[in-house]
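This report concerns only the one structure given below.
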Ligand code: PLP
């Protein structure tokens, strides 16, 4: 059992009200709230170590550099990568995926195929489409089973001699489905195809072990794991990253520059053009410590209790349809009541102080699959409580009764 009262005391934002109601924040899959220790880490960087990294001989610059590189080592350990050369700082999951699409995708050719799934976030669709438009590459899409899990047989059948890449979610931001990454990766590797895993919805809720998953790339965002905005991580296998051209040009990513010939820096810096978000990176370090202190398994177990209570409560509401019922799903519940629009439901819940996400969740192909314009989504984190879930379920019931009239 988590000490949720102690945890909650670390989030000043949880003391605020919305329209006179205590805030109930259930939009954690979009972004999590930030504990005081992480905000303090940001303040400490600004107040004590604010200097650009890697270039300076002066003390402050070295302190900032030490923090950025110590965080890289912390992330390496956190996800069990083989080397810090494999840990690239990016703005977030979106930039990480764009990096791989632009850099590795540069070698793809007309007629090549990339496998994605029906449940992907737009971040793991559109970069491949942009590449596809440039190179005339086709996307092949893995269909879903009725419970919102992937149809693995269909996935396997999508591989042809033209398949060059597979880009797959670890966890669906809408359905909560946890995909069997190792199995999916093994299948792709049997066909000689590298795999990128979009871990945006996994990093705050489960242990990430890239060695065990054997994926070639893994992307995640700090702001969804109690960390600051503006920073994320791309893990890539070193032998692949070494063969890939730089993504962006600028300072930091070069070996030597002349007008005749420019050479690239070694990994990971080859992919880190310009000043990194060193304040955010230092604060991400605090977020990782924070997660490890509570224990990711403890967080996950707590969230599963909340999910179970929410699911049981919602299921009692007539006309309510839950999307995504796969076994072992993560603590996300997306639903609609009758033909009530997700926006109307979300807006009235907000009037009661309850923050949920509404609309297409950046997964329009998935909305088309279910033939709906949008859904209401509640998603849980370590600081949410069973009382909040009860209040939320009653509020959905109340709002549904108002809107059904
Ligand atoms: N992938 C998934 C599954 C997501 O849920 C999100 C954000 O909601 C993203 C990618 C994009 O993450 P970011 O906006 O942090 O780059």
Exercise for review: Say whether the condition of being surrounded by fewer than 24 Cβ atoms within 10 Å (Cβ to Cβ), touching a helix residue (DSSP H, G or I) at 6+ places or on another chain (Cβ under 6 Å) and without any contact (Cβ under 8 Å) to a residue 24 or more places away in the chain is met by at least one residue in the range 336-358.
Suggested key: yes
The condition from (1) modelled with pLDDT of 95 or more; (2) away from the ligand (no atom under 16 Å from the Cβ); (3) surrounded by fewer than 24 Cβ atoms within 10 Å (Cβ to Cβ) that residue 134 misses is numbered (1)
Over the range 102-127, the set of residues within 13 Å of the ligand (Cβ to nearest atom) and part of a helix (DSSP H, G or I) is 122, 123, 124, 126, 127
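What strands (runs of 3 or more DSSP E), lying completely within the range 288-396, carry at least 1 residues that are within 18 Å of the chain's Cα centre (by Cα) and in the same structural domain as residue 22 (by TED's automatic domain parsing)?
Details: elements: 320-323, 332-337, 357-359, 375-379.
Counting at least 1 such residues, we get 332-337, 357-359, 375-379.
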Of 328, 318, the only residue that is touching a strand residue (DSSP E or B) at 6+ places or on another chain (Cβ under 9 Å), modelled with pLDDT under 95 and more than 16 Å from the ligand (Cβ to nearest atom) is 318
Condition set touching a helix residue (DSSP H, G or I) at 6+ places or on another chain (Cβ under 6 Å) and within 14 Å of the ligand (Cβ to nearest atom), scope the range 360-374, selection nearest to residue 334 (Cα to Cα): answer is 360
- Can you confirm whether the range 62-79 contains a residue that is in the same structural domain as residue 252 (by TED's automatic domain parsing), within 16 Å of the ligand (Cβ to nearest atom), outside any helix (DSSP H, G or I) and modelled with pLDDT of 95 or more? no
* Asked: Can you spot a residue in the range 275-287 that is without any contact (Cβ under 8 Å) to a residue 60 or more places away in the chain and either buried (at least 21 other Cβ atoms within 10 Å of the Cβ) or not assigned by TED's automatic domain parsing to the domain that holds residue 205 (or both)?
  -> no
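This table checks each residue for (1) under 23 Å from residue 327 (Cβ atoms); (2) within 16 Å of the ligand (Cβ to nearest atom).
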residue	(1), (2)
175	yes, yes
187	yes, no
194	no, no
205	yes, yes
216	no, no
249	no, no
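Rundown of residues vs (1) touching a residue at least 60 places away in the same chain (Cβ under 8 Å); (2) surrounded by 15 or more Cβ atoms within 10 Å (Cβ to Cβ); (3) in contact with a helix residue (DSSP H, G or I) (Cβ under 9 Å, 6 or more places away or on another chain), yes/no style:
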residue: 160; (1), (2), (3): no, no, no
residue: 167; (1), (2), (3): yes, yes, yes
residue: 178; (1), (2), (3): yes, yes, no
residue: 197; (1), (2), (3): no, yes, yes
residue: 213; (1), (2), (3): no, yes, yes
Filtering the range 137-161 for residues that are more than 19 Å from residue 127 (Cβ to Cβ), assigned to a loop (DSSP other than H, G, I, E, B) and over 25 Å from the mean Cα position of the chain (by Cα) leaves a count of 3
Taking the range 80-95 and keeping only residues that are touching a strand residue (DSSP E or B) at 6+ places or on another chain (Cβ under 8 Å) and more than 16 Å from the ligand (Cβ to nearest atom), one is left with 81, 86, 87
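The values are calculated or read from the model by the stated rules, or taken from the named source; none is laboratory data. All values derive from a computational prediction rather than experimental measurement. In this analysis, Cβ positions are derived from the backbone assuming ideal geometry, glycine residues included, and neighbour counts consider all displayed protein chains.
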